[in-house]
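Right, one structure below, let's go through it.
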Amino acid sequence: KQEVTQIPAALSVPEGENLVLNCSFTDSAIYNLQWFRQDPGKGLTSLLLIQSSQREQTSGRLNASLDKSSGRSTLYIAASQPGDSATYLCAAEYGNKLVFGAGTILRVKS
Amino acid sequence: DAGVIQSPRHEVTEMGQEVTLRCKPISGHDYLFWYRQTMMRGLELLIYFNNNVPIDDSGMPEDRFSAKMPNASFSTLKIQPSEPRDSAVYFCAGAGVYPGELFFGEGSRLTVL
């Protein structure tokens, strides 16, 4: 069964700290790995998409890495800000469906 | 572009009533997805369309659920009759290519009493 797990479930950090969110997937035969952000009461916003042939993608203060062989992806957020507070979800694409993790709730304290 | 537009944003109804959720995708996105999000089960794919044709409806929970896409700019998800366990946030999402980046609407929060 294709499953995606995210650790930790929740994280609270002071402003300015660098942090890492973890995502693991059971089936390594992915097409791509996507990271999304969800604000309370809102939809999902795509942050980064890593193709299966890539190792990482960067956008501003965000960097996502992918290791297919170990079934893992990490989202690195540099110099965190209160505006980064949200739920972060990763999703593994298997060609006919996107399997989501349960998300990591991030709170950045000012 | 205004993004994916969903309506209504909030719906409260009584058990047994018919519920219709609507979605207008981004122009040019040939793939349209309906997802359901609950605390217990997270995000689940219900059905997706390609060029207005349903491709995979294996996630539709029961015959009470149906989805249509009569044209490239409009889709509906209907629940008839609704039950309290259908209470969730329903998202519509689109993509220009698939597999590829998904663009989500803001969701329709359904409460069935």
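Only the coordinates and a few stated rules stand behind these numbers; no lab work does. Not measured: the values here are computed from a predicted model. Neighbour counts are summed over all protein chains in view; Cβ atoms, including those assigned to glycine, are modelled from backbone coordinates with ideal geometry.
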Q) Using the Cα gyration tensor of the stretch A:14-110, with a ≥ b ≥ c the square roots of its eigenvalues, what is the shape: rounded (a/c below 1.5), prolate (a/b larger than b/c) or oblate (neither)? A) prolate
Q.
For the stretch B:1-107, what does the relative contact order come out to in percent, with C-alpha contacts under 8 Å and a separation of six or more?
A. 35
Q) Under the definition of Cα pairs under 8 Å and six or more residues apart, what whole-number percent is the relative contact order of chain A? A) 37
Q: Can you put B:39, B:60 in order of Cβ neighbours within 10 angstrom, beginning with the fewest?
A: B:39, B:60
Q | Inter-chain Cβ neighbour average for residues B:89-99, partner chain, 10 Å | A | 3
Q) Do any GluC sites (Glu not before Pro) in the stretch A:12-110 lie in a DSSP loop with no more than 15 other beta carbon atoms within 10 Å, and if so, which? A) A:15, A:17
Q: Treating the Cα atoms of the protein assembly as shown as identical point scatterers in vacuum, please give the log10 of the normalised Debye intensity I(q)/I(0) at q = 0.15 Å⁻¹, two decimals.
A: -0.99
Q: Sorted from largest down, give the three principal axis spans of the alpha carbons of the stretch B:24-73, whole angstrom values.
A: 34, 21, 14
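Based on other C-beta atoms within 10 Å, arrange B:10, B:29 from fewest to most. Walk me through the numbers on the way to the answer.
Working: B:10 12, B:29 20.
If I rank by nearby Cβ atoms, fewest first, I get B:10, B:29.
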Q: Identify the residues of the stretch B:1-43 with backbone N under 14 Å of a label point that sits 7 angstrom from the Cα of residue B:66 along the Cα-to-Cβ direction, or state none.
A: B:18-21
Q: Evaluate E = 1/(1 + (r/R0)^6) for residue A:63 and residue A:110, where r is the Cβ-Cβ distance and R0 equals 22 Å; express this FRET efficiency to the nearest 0.05.
A: 0.45
**Q.** Whole-number D in µm² s⁻¹ for the stretch B:34-101, Kirkwood Cα-pair radius fed into Stokes-Einstein, 25 °C, 0.890 mPa s
**A.** 192
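Listing A:24, B:58 from the residue with the fewest other Cβ atoms within 10 Å to the one with the most, what is the order? Mind showing how you got there, number by number?
Details: A:24 18, B:58 9.
Lowest to highest Cβ neighbour count: B:58, A:24.
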(Q) From the P(r) of the stretch A:28-72, could you give the percentage of C-alpha pairs in the tail past 13 Å? (A) 56
Q) Who wins for biggest fluctuation among A:44, A:75, A:21 in a Gaussian network model of chain A, springs between alpha carbons below 10 Å? A) A:44
